[in-house]
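Accompanying notes for the structure given below.
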Amino acid sequence: MPKVHRLGVLTSGGDCAGLNAAIRAVVHRAVYGYGWTVHGIRDGSLGLMNRPIEHQELTLDLFDSNLLRMGGTMLGTTNKGDPFAFPMPDGSLKDRSGEFVEGFHMLGLDALIVIGGDGSLKILDLLCKKGGLPMVGVPKTIDNDVHLTEFAIGFSTAVNVVVDALDRLQPTAASHHRVMILEVMGRDAGHIALSGGIAGGADVILIPEIPYSLAGIVKKIEDVRRSGRNHALVVVAEGCRTEDGATPTVTWGGQQARYGGIGHYLAERLSGRVNAEVRVTVLGHLQRGGQPSMRDRLLASSFGVHAVDLVARGKFNRMVAWQDRGVVDVPISKVVGSARHVEPDGALVHTARGLGTYVGEEQLVSAEQA
């Protein structure tokens, strides 16, 4: 097994609740368990690419009782700038991957723990393979779409925010006899919308994995009104397409287009077809912030400890994962490039439909398939 004295840790991609709990777990396990020093790399891969290197030694005294409870990441993060094709001020693209590898060696690191989503893990896996750098991955993403793990850091807190929003929207919907549409995050996977919608009592849940029809939504809302209720709640993932297959996007400050706008699209189409006012709430980045839930703190702590143990055992190019009520490790090569989507015939979709929720159009099953 390799001798490890200096361990690096970084967070990459979008922020989420639970990252500080994971960093804390890495430091506690590395210091208490193995006597190593830990260096936190600032702003993801940029910290090792910049000169001077942007880092901080993470000592136990930095981790007071409050950091575990804080959202975001104490190290900073970035979800821009692929080191293999990094955008330069003159508009050109430059391969800066060698600077990342050089920074690792300049800092005298023996191994690196990377906390990131599918995209971040893919890029950092390539960077570390290029330089032969020992690396272990920790999955985090509010979308919960990292392959081969049932849960990723940040998902639980994001769902709690959705449920809280629905709890707050329901009374005002009832007071004004309205249809309330809540647009939530979920670019290509509908885990947040589905879990949050079920727990928050939504009447309609729309996710990217299952096609829907406006007629189906209208029928559900009419059924709700016929049952004697004067309001309805609709949850839609930002990555859902329009009925004709287009992808609504929004652009801020001249930057690249991002998913968004499906909530307002639905409101415009439904307003003339349902006998109720329709209002839209877009949660956006509220789902990323705030205090991490109990589950995210527990998951992050478990992942951090097991990631350090993998380093100590010399098991690199692996990612810690949650499977069958425990932490395992899987090859990063089998994780990246294949997102974990909602299964249209899975237990949660069955649950939602069993509750009478409209979750898109049910697929017809042929006699042969049956």
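The values are calculated or read from the model by the stated rules, or taken from the named source; none is laboratory data. Keep in mind the model is a prediction, meaning the values are calculated, not measured. Reconstructed Cβ throughout: ideal geometry from the backbone, glycine too, with neighbour counts over all protein chains shown. Each accessible area value is taken on the protein alone, full model and side chains, heavy atoms only, with ligands, DNA and RNA left out. Shrake-Rupley method; radii C 1.70, N 1.55, O 1.52, S 1.80 Å.
Its alpha carbons considered, the stretch 94-170 gives a radius of gyration followed by a Dmax of 17.1, 55 Å. Picking from V162, F151, G228, whose Cα lies most toward the positive end of the charge dipole for the stretch 142-231 (charges on Cβ: Lys, Arg +1; Asp, Glu -1)? After comparing all options, I get G228. Using heavy atoms of the protein chains and a probe of 1.4 Å, the accessible area assigned to T59 is about 50 Å². Site pair K219 and L298 shows an inter-label distance of 4.0 nm when each label is modelled 7 Å from Cα along Cα→Cβ. Relative to the longest principal axis of the Cα atoms of the chain, helix 97-106 runs at roughly 50 degrees. Restricting the calculation to Cα atoms, the stretch 203-339 yields a radius of gyration followed by a Dmax of 21.1, 63 Å. If you run the Gaussian network model on the chain, springs between alpha carbon atoms under 10 Å, then out of R51, R295, R187 the most flexible one is R51.
In the frame of its principal axes, the chain has Cα extents of 69, 49, 48 Å, reported largest first. Between V101, S302, V359, the Cα set farthest toward the positive side of the dipole of the chain (charges on each charged residue's Cβ, about the Cα centre) is that of S302.
Which whole-number value in Å² is the accessible area per residue of the chain, probe 1.4 Å? Walk me through the numbers before you get to the answer.
On the way: 16520 Å² over 370 residues.
In whole numbers, the chain has 45 Å² accessible per residue.
Coupling constants for the stretch 125-137 follow from the phi torsions by the Karplus curve (6.51 cos²θ - 1.76 cosθ + 1.60, θ = phi - 60°), and in residue order they are 5, 5, 4, 5, 5, 4, x, x, 8, x, 9, 10, x Hz; glycine and proline get x.
All Cα-Cα distances of the stretch 173-233, cut into 10 Å bins from zero to the largest, leave 21, 51, 26, 2 percent in each bin in turn. Here the calculated FRET efficiency for R269 and N317, from their Cβ-Cβ distance with R0 = 51 Å, stands at 0.60, rounded to the nearest 0.05. Pick from F100, F86, F63 the residue whose mean-square fluctuation is largest in a GNM of the chain, springs joining Cα atoms under 10 Å. Its mean-square fluctuation being the largest, the pick is F86. Using the average count of surrounding beta-carbon atoms within 10 Å as a protection proxy, the listed peptides 346-355, 112-121, 213-222, 158-167 rank, highest first, as 112-121, 158-167, 213-222, 346-355.
Working value for the stretch 139-277: equivalent-ellipsoid semi-axes of 25, 18, 14 Å, each the square root of 5 times a Cα gyration tensor eigenvalue, largest first. Charged side chains reduced to their Cβ positions (Lys and Arg at +1, Asp and Glu at -1) give the chain a dipole of some 460 debye around its Cα centre. Calculated translational diffusion coefficient of the stretch 286-362 (10 °C, 1.306 mPa s; Stokes-Einstein with Kirkwood radius over alpha-carbon pairs) equals 102 µm²/s. Split the accessible area of the chain by element, probe 1.4 Å, and carbon with sulfur accounts for 50%.
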